[in-house]
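The values are calculated or read from the model by the stated rules, or taken from the named source; none is laboratory data. The model shown is predicted, which means the values in this text are computed figures rather than measured ones. Cβ placement follows ideal geometry from the backbone for every residue including glycine, while neighbour counts extend to all protein chains displayed. For accessibility, only protein heavy atoms count, side chains too; no ligands or nucleic acids. Shrake-Rupley method; radii C 1.70, N 1.55, O 1.52, S 1.80 Å.
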Amino acid sequence: MALPDDRVLTVPLGADPSLRRRYMLLDEDVPANVRFGLILEVLDKLAEEAALDYVRRTHPQARVVTAAIDNIYVRSAADLHRDLVFRARVNFVGRTSLEVGIRVEHPAGPGLPAAHIASCYFTMVARSTAGAGAESLVLPAFEPTDALALRRWERAIARRESYRHQQHQALEPPTREEYLLLAALHAAQDQPGFLGLLARDCVTSGWERTYPEHENVPSKIFGGHLIRQAYEQSTICAEQVASHRPVIVAVNRINFVQPVRMGDKLQFLSRAVYSGRTSVCVETDIIRVSRDRTQTNLSNSCVFTFANVDEGLRLQPVPPIHPATYAEDARYLAAQRRHAARVAWKAGRKGPSQG
């Protein structure tokens, strides 16, 4: 089965002052002044529509739901005064799920080159209906028809394998180097006059109730709204570590565990679990409490990485976070491994000649 053409959406920030106002982060002329949370809402909806383009060729009444956001890598700061173009395509199709890749960019304009803002990867699952009796649908297979489609297919498989490796690695005990790192962070806390940043002090919590305006499919809340709120709560948490301004550089992973229904109460529990030289990793869980208060479940787990930057977007150092408990050690170590893998991947892409 052939893939549908790319689905393209333009957010005309350059020509629409009211829209530009809505997307404005601060009422000041500062770089990277675009609300990334609103971009997340656009991405989630566009991924749904691109997946439906493929699924409804064989299942006309099907629904699709977001199972996970595998990665969003922010490559350059968005300009509030330039249009944003979102290009979505299906990269991979499994038995009941598919990956949708979305490229976010500024188009070329008078005197301005095109700019690649972000690359995003969503895993979507096809479902028979939106109701309680919904079942996963078997999708028609497709074979890549050209070299570019094959490369996207192979990279999608590699991303899946990388996530499985991360899950397996999380169960592995610390290496000698990791043990010594954790031991040094613990030993520092025993020194007289210790004034370091403790992991337990880098926790924030917020609450929200859902309303009909947040609905996507009947009686269920739009996933894009949930991840926008999670991102905004994570930014507040990152500010406890970042001395200047935390700017998003990656959405490492978002898992959609259970749907949220209208009238649910939501708790957003955010933890800054790891800091690198200039970066902060924040994990946010969304916990839903049912309207009748008989159920409390994890709805989403989210991992974000922020960079600490000054007014010119120059990187600034952040203090180390000191874990003190086994759970804090585990979260710290998982984040440190993700950070190391990302650094190694970027170095590999640059090649030996570029260091």
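I'd like to verify a number: residues in the range 158-188 that are modelled with pLDDT under 90 and either under 22 Å from D70 (Cα atoms) or in a helix (DSSP H, G or I) (or both), how many? Talk me through it step by step, then tell me what you get.
Here is the first cut: in the range 158-188, the ones modelled with pLDDT under 90 are 158-173.
From what's left, either under 22 Å from D70 (Cα atoms) or in a helix (DSSP H, G or I) (or both): 158-172.
Looking only at that region, the number is 15.
Sort through P113, P144, P173 and tell me the only one that's more than 26 Å from the chain's Cα centre (by Cα), surrounded by 15 or more Cβ atoms within 10 Å (Cβ to Cβ) and free of Cβ contacts under 8 Å to residues at least 24 places away in the same chain.
The conditions single out P144.
The residues on offer are R103, R155, R127, and the sole one that is more than 29 Å from V249 (Cβ to Cβ), surrounded by 12 or more Cβ atoms within 10 Å (Cβ to Cβ), basic (K, R) and in contact (Cβ under 8 Å) with a residue 12 or more places away in the chain is R127. Scanning the range 325-341 for residues that are surrounded by 14 or more Cβ atoms within 10 Å (Cβ to Cβ) and out of contact with any Gly (no Cβ under 6 Å at 6 or more places or on another chain) yields E328, D329, A330, R331, Y332, L333, A334, A335, Q336, R337, R338, A341. Of everything listed in (1) assigned to a loop (DSSP other than H, G, I, E, B); (2) open to solvent by 70 Å² or more (accessible area, probe 1.4 Å); (3) among the aliphatic types (A, V, I, L, M), the single unmet condition for V217 is (2). Tell me, yes or no, whether the range 278-285 has at least one residue that is open to solvent by less than 40 Å² (accessible area, probe 1.4 Å), within 28 Å of S76 (Cα to Cα), in contact with a strand residue (DSSP E or B) (Cβ under 9 Å, 6 or more places away or on another chain) and outside any strand (DSSP E or B). Looking through the range 278-285, at least one residue is open to solvent by less than 40 Å² (accessible area, probe 1.4 Å), within 28 Å of S76 (Cα to Cα), in contact with a strand residue (DSSP E or B) (Cβ under 9 Å, 6 or more places away or on another chain) and outside any strand (DSSP E or B). Number of residues in the range 33-57 that are in a loop (DSSP other than H, G, I, E, B) and open to solvent by less than 20 Å² (accessible area, probe 1.4 Å) equals 1. Every test in (1) touching an Asp or Glu at 6+ places or on another chain (Cβ under 8 Å); (2) among the small types (G, A, S); (3) touching a residue at least 60 places away in the same chain (Cβ under 8 Å) is passed by A272 save one, and that test is (1). Evaluation of V85 against the conditions (1) among the aliphatic types (A, V, I, L, M); (2) open to solvent by 50 Å² or more (accessible area, probe 1.4 Å); (3) more than 20 Å from N255 (Cβ to Cβ); (4) touching a residue at least 24 places away in the same chain (Cβ under 8 Å) shows that the sole unmet condition is (2). Look at (1) in contact (Cβ under 8 Å) with a residue 40 or more places away in the chain; (2) of a type outside the set (F, W, Y); (3) open to solvent by less than 60 Å² (accessible area, probe 1.4 Å); (4) not in a loop (DSSP other than H, G, I, E, B) and you find that A242 fails only one, number (4).
In this entry, T204 is excluded by the filter for residues that are touching a residue at least 24 places away in the same chain (Cβ under 8 Å) and open to solvent by 60 Å² or more (accessible area, probe 1.4 Å).
Residues in the range 246-265 that are part of a strand (DSSP E or B), of a type outside the set (G, A, S) and within 19 Å of the chain's Cα centre (by Cα): P246, V247, I248, V249, V251, N252, R253, I254, N255, F256.
Sub-7 Å Cβ pairs linking a first residue in the range 322-339 that is under 18 Å from T284 (Cβ atoms) to a second residue that is open to solvent by 40 Å² or more (accessible area, probe 1.4 Å) and not in a helix (DSSP H, G or I), at least 6 apart or interchain, are R331/R271, ordered by first then second residue.
Being at negative phi and exposed (fewer than 10 other Cβ atoms within 10 Å of the Cβ) is the filter here; which residues of the range 188-201 pass it? Break it down into steps so the answer makes sense when it comes.
Restricting attention to the range 188-201, the residues satisfying the condition of being at negative phi are 188-192, 194-201.
Within the range 188-201, D190, Q191, P192, L195 meet the criteria.
Would you be able to say whether some residue in the range 264-274 is of a type in the set (V, I, T) and out of contact with any Cys (no Cβ under 8 Å at 6 or more places or on another chain)? Steps first, please.
Our first condition is that a residue be of a type in the set (V, I, T); within the range 264-274, this holds for 273.
Next cut, out of contact with any Cys (no Cβ under 8 Å at 6 or more places or on another chain) only: none.
No: the range 264-274 contains no residue that is of a type in the set (V, I, T) and out of contact with any Cys (no Cβ under 8 Å at 6 or more places or on another chain).
Would you check which residues across the range 92-122 are of a type in the set (F, W, Y) and within 19 Å of P140 (Cβ to Cβ) and list them?
If we filter the range 92-122 for residues that are of a type in the set (F, W, Y), which is where we start, we get 92, 121-122.
Residue satisfying the conditions is F92 alone.
Of everything in the range 286-303 that is out of contact with any Asp or Glu (no Cβ under 8 Å at 6 or more places or on another chain) and not hydroxyl-bearing (S, T, Y), the residue that is surrounded by the most Cβ atoms within 10 Å (Cβ to Cβ) is I286. Looking across the range 1-32 at every residue that is of a type in the set (D, E) and closer than 30 Å to T58 by Cα, the one that is most open to solvent (accessible area, probe 1.4 Å) is identified as D5.
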